[in-house]
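Everything below concerns the one structure shown next.
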Amino acid sequence: MNFIENEQPLLVAEGLTKWYGRRLGCRDASFELYEGEVIAVVGESGSGKTTLLQLLSGQIEPSAGQIRYRLRDGAIADVWSMSEPMRRFLFRTDWGYVHQDPQLGLRMGVSAGGNVGERLMAVGWRNYGDIRGAATDWLARVEIPEDRIDDTPRAYSGGMRQRLQIARNLVTAPRLIFMDEPTGGLDVSVQARLLDLLRRIVSEMRIAVIVVTHDLAVARLLSNRIMVMKEGEVIEQGLTDQVLDDPHAPYTQLLVSSILPA
Amino acid sequence: MSAPVYNFAYLDEQTKRMIRRAILKAIAIPGYQVPFASREMPMPYGWGTGGVQVTASILGPEDVLKVIDQGSDDTTNAVSIRKFFTKTAGVRTTTSTLEATVIQTRHRIPETPLSETQVLVYQVPIPEPLRFLEPRETETRRMHALSEYGLMHVKLYEDIARHGHIATTYAYPVKVDERYVMDPSPIPKFDNPKLSDCPALQLFGAGREKRIYAIPPYTRVVSLDFEDHPFQPYRHDAQCELCGAADSYLDEVITDDRGSRMFVCSDTDYCETRRAMGYAAPARNSDAEPARD
């Protein structure tokens, strides 16, 4: 990555903590994310990865800590002190959220074109031809044949659904995408194709990505930096290759050594 | 158990006050759905329990009531609600749109233009226009609060993608006073333009869903559409075969089992008035008109 010197980070998390009653979700997570950078959050199930992602994307309110985001006009905003309409506006224009289960991120009863067009209509597009044009364009970019535009996601395979979900999120040209296990539940060849696609689009559009995964191969392929979580805490972070090739924390060593040799 | 006490127009005064408060709030916020403590009425849900409660709480002894069901004064629903108020309130009823001061309606707006002295009460089955797209009530209320109405256009988009045009023909969503998106109840979209700038007060009551909303007189109501697919009211391309009207909303009536059909005004009062004025059926070339599609 070629970072511009003195560039302001896009997103800054400081001491993010979430308690579910007396149970810990995630404790004291701090990091900075720059434009076009991909961070992977890895760890076993229950380690707080998804909690962290939901905290960062403003879906659940942190018990402590702060998230600051640099808006398009350069102003720095605290995600939780901005008004709800603004936060929701941010969420559907400048951010994207790719769910592990496409059924959560898509409207299953609405055609692919409608799914992609929804965000555009939400920001005030009122010309059917333009909306359809943008939808067609985006379906092509995620390699969905044009003649499937009027099918509902129900008629799509798992891989296509996931690609449709990505198109739906990217249509407003967001600067930050959150992904929760984007390749979970897909078979290996479909996974490879999806990862290829993601890598291409992310670098083309210079989108910052926070990707949660338990698959170290996904992390290695996609991310520049990596955060390892265990029992709600970030136990190690650094450049992906560095952490994976030379893990310091005992848990990370265990995690890396548990990959089956190809 | 105390014996039931008679009260004017069935509901007790306390209930009427509660409903009137809801109505006032609804008028103050055009198009906003005000929750109210809907009562059980002596009729099944779906038969106009919401409309009846609204009518009961605004009715005075001097009012003249008209009830229509799909434009008609003589169907079961209309007749029984009229009887209900004759019995419980002793008010005068009428079938004439001009004479009435309160008109309760199911699924139509009368053809005869309404005036400032009239109130139109709609029976509403499902008040939430976003319901079929977003099943969560918490979410739809938040969407109304923040006027996030992109989803409504997704429905219209789907119509065009599937049918080539906006195929929603009734309960066509509207935006009231440039703020709230509202379901105008299942009136045909032919009636949508009449919602806007109407001199009469329009009240909507949904009994099962416990919501009241309103369009105050002379409020701008816009039907949602796309720039390249503008809103278009629909009307059968025919004349009424009883009164010859070419501007009224028509019902298609099947007259036998060989495909014969006729078009008649859905608003019976309008049709009868015209016939009394001497208008008659247009000349027809033959009785056995071939079936059209």
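Observations
- Test set (1) farther than 20 Å from A:I177 by Cβ; (2) modelled with pLDDT of 90 or more; (3) within 19 Å of the chain's Cα centre (by Cα) - A:R27 fails condition number: (3)
- Of all residues in region B:25-61 being outside any helix (DSSP H, G or I) and of a type in the set (S, T, N, Q), the one that is surrounded by the fewest Cβ atoms within 10 Å (Cβ to Cβ): B:S38
- Looking across region A:140-153, not a single residue is out of contact with any Gly (no Cβ under 8 Å at 6 or more places or on another chain) and either polar (S, T, N, Q) or under 16 Å from A:L120 (Cα atoms) (or both).
- Set side by side, the residues A:A140, A:A135 differ, and just one is modelled with pLDDT of 95 or more, over 15 Å from the mean Cα position of the chain (by Cα) and not aromatic (F, W, Y), which is A:A135.
- Residue list for region B:58-112, filter: farther than 25 Å from B:M18 by Cα, touching a helix residue (DSSP H, G or I) at 6+ places or on another chain (Cβ under 8 Å) and not polar (S, T, N, Q): B:I68, B:D69, B:G71, B:D73, B:D74, B:R108, B:I109, B:P110, B:E111
- Residues located in region B:198-222, provided they are of a type in the set (F, W, Y) and open to solvent by 60 Å² or more (accessible area, probe 1.4 Å): B:Y218
- Check on B:A246, away from chain A (no Cβ under 14 Å), more than 20 Å from B:P127 (Cα to Cα) and not hydroxyl-bearing (S, T, Y): yes
- Those residues of region B:137-157 which are under 20 Å from A:A135 (Cβ atoms) and open to solvent by less than 20 Å² (accessible area, probe 1.4 Å), in sequence order: B:Y149, B:G150, B:L151, B:M152, B:H153, B:V154, B:L156, B:Y157
Every residue, every condition in (1) within 14 Å of chain B (Cβ to nearest Cβ); (2) in contact with a helix residue (DSSP H, G or I) (Cβ under 8 Å, 6 or more places away or on another chain), yes or no:
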site: A:E35; (1), (2): no, no
site: A:T51; (1), (2): no, no
site: A:G58; (1), (2): no, yes
site: A:R87; (1), (2): yes, no
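- Single residue of A:D137, A:D73 found to be assigned to a helix (DSSP H, G or I) and more than 14 Å from every other protein chain (Cβ to nearest Cβ): A:D137
- Neighbours by Cβ (under 6 Å, 6+ apart or cross-chain): first from region A:105-128, at the interface with chain B (Cβ under 7 Å from one of its Cβ atoms); second of a type in the set (S, T, N, Q): A:S111/A:T152
- One residue alone among A:E44, A:E32, A:E7 is in a strand (DSSP E or B) and at pLDDT below 95, and that residue is A:E32.
- Residues that are touching a Gly at 6+ places or on another chain (Cβ under 9 Å) and among the hydroxyl-bearing types (S, T, Y) within region A:81-110 comprise just one, A:Y97.
- Region B:223-232, subset within 12 Å of another protein chain (Cβ to nearest Cβ) and in a strand (DSSP E or B), residue surrounded by the fewest Cβ atoms within 10 Å (Cβ to Cβ): B:H229
The values are calculated or read from the model by the stated rules, or taken from the named source; none is laboratory data. Computed from a prediction, not measured in an experiment: that's the story for all the values here. Every residue, glycine among them, receives a Cβ derived from its backbone with ideal geometry; neighbour counts consider all protein chains shown. The accessibility values were calculated without ligands, DNA or RNA, using every heavy atom of the protein model including side chains. Shrake-Rupley method; radii C 1.70, N 1.55, O 1.52, S 1.80 Å.
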